[in-house]
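Everything on this sheet refers to the single structure shown next.
The values are calculated or read from the model by the stated rules, or taken from the named source; none is laboratory data. In this text the structure is predicted, and so the values were computed from the model without any measurement. Positions of Cβ are backbone-derived with ideal geometry, glycine not excepted, and every protein chain shown enters the neighbour counts.
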Amino acid sequence: MIYQSNTTYNSIKEKALFNRYISLKHIKPLIHKLPKDLFEILVLGNSVLHQPIHHIKVGNGPIKVLMWSQMHGNESTTTKALFDLFNHIIKDQTILNDLTLSIIPMLSPDGSNAYTRINANKVDLNRDAQNLSQPESKLFKSHYDAFKPDICLNLHGQRTIFNVGVTNKPATLSFLAPAGDKNRLITETRKQSMRLINAINDHLQTFIPNHIGRYDDGFNANCVGDTLTMLNIPTILFEAGHYKDDYEREKVRYLVYEALLSVLDAIKNKVHINGSHLAYEEIPENGKLFCDVIVQNAKHNGEIVDIELQFEEFLENDAVNYMGIVKNITQKSMLFAHKYIDANRNEVFNEKNTPLNENDRLFYVKIGESKILLKTD
């Protein structure tokens, strides 16, 4: 059972938010329901399509923490976890004694509405830290300058392709202490981020052992996290990934919530200031060794092969749907899969009753007289 504190979590889980599609219309009522005597709510400005970008401030402690989510509109898991965190704070304000939290729950409302990584101008906001070409980027920079955070938490989501190291364990959550230069020097700023990640990892290993990865630290000055590290602000990249049979990321949101609680507790206790950072290097780096489905032992052009399929997400009637794309047909797949289908040396057909070929797009496969759904709820 993944939920080690299930009863407690269920009492604070924000049940108005669920599944993958989270847009401004979903969170706006929840923002306005937050107790005004505890939370300060402001609109920082507007997106390209004139949608409000909200800022939520809570606490008056000396350590200032800036968090933001849905910089990429199709990465909604951390947004759900933030509203779980708000409900936690309403019930237990202990962490506020030492912290002031500034939270932007949805930096790209246009991208979130369209369920895309990019904003309405087709710009990736996490590649706009230097140019500041977009209104959302400018608003973020202005708010950062005004708030002057001590620590930043950059909340994202990652695809189902990632695994931990070279194992068959999905990277359910991954973390990064971003580099601040092309040589990826381990500065004191990065050490502080690493110490906090170590605290998160220690906590999460009790929930999902061997499912925590370390994100690649290749330097890109256009990325917000790298830019903040260049400014000597300890920053942690959160990447909410996949857990078994959790395509809606409801189990993972709970783990993000636990990660947020653990990092805020570590910041409160100044774990980032002292101690060794070296355990960070022991967290296995992410690999890219997963696909969503492998059809094994399939007959194709007279040979027995494995057929690798990756899901493509698309928005349909305000919900995220999944279509399988045939990515590779090979004699022996070197990837792991979240689902295996055994063709038992039979030919595999698509929805048009023709043999599968690369780039086919489909919801199910036909093997003999059977239709087998690629994704099951």
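Observations
- Checked against (1) free of Cβ contacts under 8 Å to residues at least 40 places away in the same chain; (2) part of a helix (DSSP H, G or I); (3) not hydrophobic (A, V, I, L, M, F, W, C), Gly225 passes all but condition (1).
- Restricting attention to the range 84-98 and to residues that are among the hydrophobic types (A, V, I, L, M, F, W, C) and out of contact with any helix residue (DSSP H, G or I) (no Cβ under 6 Å at 6 or more places or on another chain), the residue that is surrounded by the fewest Cβ atoms within 10 Å (Cβ to Cβ) turns out to be Ile90.
- Meets criteria (surrounded by 20 or more Cβ atoms within 10 Å (Cβ to Cβ) and of a type in the set (Val, Ile, Thr)) for Val271: no
- Residue check for Ile233: at pLDDT 95 or above and closer than 25 Å to Pro105 by Cβ: yes
- Sole exception among (1) over 22 Å from the mean Cα position of the chain (by Cα); (2) farther than 30 Å from Thr8 by Cα; (3) touching a residue at least 12 places away in the same chain (Cβ under 8 Å) for Leu132, by number: (3)
- Residues in the range 68-78 include at least one that is assigned by TED's automatic domain parsing to the domain that holds Asp265, of a type in the set (Ser, Thr, Tyr), part of a helix (DSSP H, G or I) and crowded, with 17+ Cβ neighbours inside 10 Å.
- Residue within the range 254-269 that is outside any helix (DSSP H, G or I) and out of contact with any Pro (no Cβ under 7 Å at 6 or more places or on another chain) present: yes
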